[in-house]
Amino acid sequence: MTGNWLLVLSIVFTVHMAHGCPQKCLCHMASKTADCKNRGFTEIPAHLPPETQILLLQNNRIWRINQNAFTRTPLLKILDLSNNSLSSFAPGALQKLRYLQVLNLTRNLIHYIENKTFSFLPHLKELDLSSNSIVRLPETFGNSTGNITLLSVKHNKLQKMERVLLESLPNLKVVLFKDNPWLCNCNVFGLKLWLESFLYRGGISDGIICATPGIRKGKDLLKVPYELFGACPLTTAHTHLATTHHHSFEHRSSLKHSHHNEHGENSRLSCEPKPKPRPVNLRHAIATVVITGVVCGIVCLMMLAAAVYGCAYAAITAKYHKEHLAPARQHGTPEEKEPFDSSLA
């Protein structure tokens, strides 16, 4: 009996080692999943089955990812590293994961993301960076990240976000910004324009709520009037205007106002708006046209009334002369006819 049990255990161990599943993990060959969560790992486990497509590593203590961590698992499609202790990535740590589609990095200790961190992930569709301590995002995630459809950066420490980063993700459908200390000054102007365009195209977002300055704390960025950005530097406003697609005349009018109010104060890093900006928008333009039309109409009516009055007066005068003066010239008075009669006698 003991020999039979040893035989069974030997077979199980042999199969386990043949598939290369780490001792603490559960490998499901049918679903091609390696379940390594809640196992106390401090780094990516080695000897994973090469055919693994789903790797679950949440709730561990992983604090770094070595450059060759995924060399044995090039077919990964879903990688869950949530609730670990990651603070950074080694250069090229993810470059072997060319088929990765979902990357979950929530609840880690990440402070910033370097440029092109996610390069060589051409099939990446969902990137979740929420619940970290990220204070800065790069201008690009990588050369081949244009297929990302979902991006979450909520619950971080972001004050601003480069518009060029979002524009490098043309297939975005959902972007989540919630619970960040957004600074709603000139630095967020381009993000406001991008977000309006994104929502207009049918995108989904939880919006951007301003944290500073104090006068805008708690306000939705989309509801901050364009006039309040009238003191932004020309380089900021003009650059954003050149690459945005506006869908209303009011946006264009507001940007022109931003251009005309610039007086070369590019050194004003805080870029706070002027206390009393001069608004120029669609409503004022319509009001101007209406008032001008009313004034012109009144003038035209006055001219028409004067013309009618003049014509009426001329007609009455002509009638009067015709009825009273003409007979008098034809028949004359008795005194005027008498000398003429006397000469005939």
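The values are calculated or read from the model by the stated rules, or taken from the named source; none is laboratory data. Keep in mind that this is a model prediction, so the values were computed, not measured. As a convention, Cβ positions derive from the backbone with ideal geometry for all residues, glycine included, and neighbour counts pool all protein chains shown.
For segment 114-123, check the following and say yes or no: at least one residue is assigned to a strand (DSSP E or B) and either surrounded by fewer than 16 Cβ atoms within 10 Å (Cβ to Cβ) or at pLDDT 95 or above (or both). There is no residue in segment 114-123 that is assigned to a strand (DSSP E or B) and either surrounded by fewer than 16 Cβ atoms within 10 Å (Cβ to Cβ) or at pLDDT 95 or above (or both). The strands (runs of 3 or more DSSP E) found wholly in segment 17-58 and carrying at least 2 residues that are without any contact (Cβ under 8 Å) to a residue 24 or more places away in the chain and crowded, with 16+ Cβ neighbours inside 10 Å occupy 33-35.
Candidates K173, K178, K160, K154: the one that is within 22 Å of I113 (Cβ to Cβ) and in contact with a helix residue (DSSP H, G or I) (Cβ under 6 Å, 6 or more places away or on another chain) is K160. Selection within segment 271-319: residues that are assigned to a helix (DSSP H, G or I) and in contact with a Phe, Trp or Tyr (Cβ under 9 Å, 6 or more places away or on another chain). The member of this set that is modelled with the highest pLDDT is A285.
Scanning segment 132-158 for residues that are of a type in the set (S, T, N, Q) and closer than 23 Å to N187 by Cα, we see that the one that is surrounded by the fewest Cβ atoms within 10 Å (Cβ to Cβ) is S133. Report whether or not S87 is under 17 Å from T106 (Cα atoms), hydroxyl-bearing (S, T, Y) and either touching a Pro at 6+ places or on another chain (Cβ under 8 Å) or at pLDDT 95 or above (or both). Criteria not met by S87. Mind checking which residues of segment 71-86 are of a type in the set (S, T, Y) and either free of Cβ contacts under 8 Å to residues at least 24 places away in the same chain or surrounded by 19 or more Cβ atoms within 10 Å (Cβ to Cβ) (or both)? Across segment 71-86, the qualifying residues are T73, S82. From the list R107, R72, R61, which residue is of a type in the set (K, R) and modelled with pLDDT under 95? Just one listed residue meets the conditions, R72. Looking for something crowded, with 21+ Cβ neighbours inside 10 Å and not in a loop (DSSP other than H, G, I, E, B) - is there at least one such residue anywhere in segment 59-66? Taking every residue of segment 59-66 in turn, none turns out to be crowded, with 21+ Cβ neighbours inside 10 Å and not in a loop (DSSP other than H, G, I, E, B).
Here segment 188-222 is the region considered, the condition is being more than 13 Å from the chain's Cα centre (by Cα) and in a helix (DSSP H, G or I), and the residue that is surrounded by the fewest Cβ atoms within 10 Å (Cβ to Cβ) is G214. The set of residues in segment 87-113 that are part of a strand (DSSP E or B) and buried (at least 18 other Cβ atoms within 10 Å of the Cβ) comprises L103, N104.
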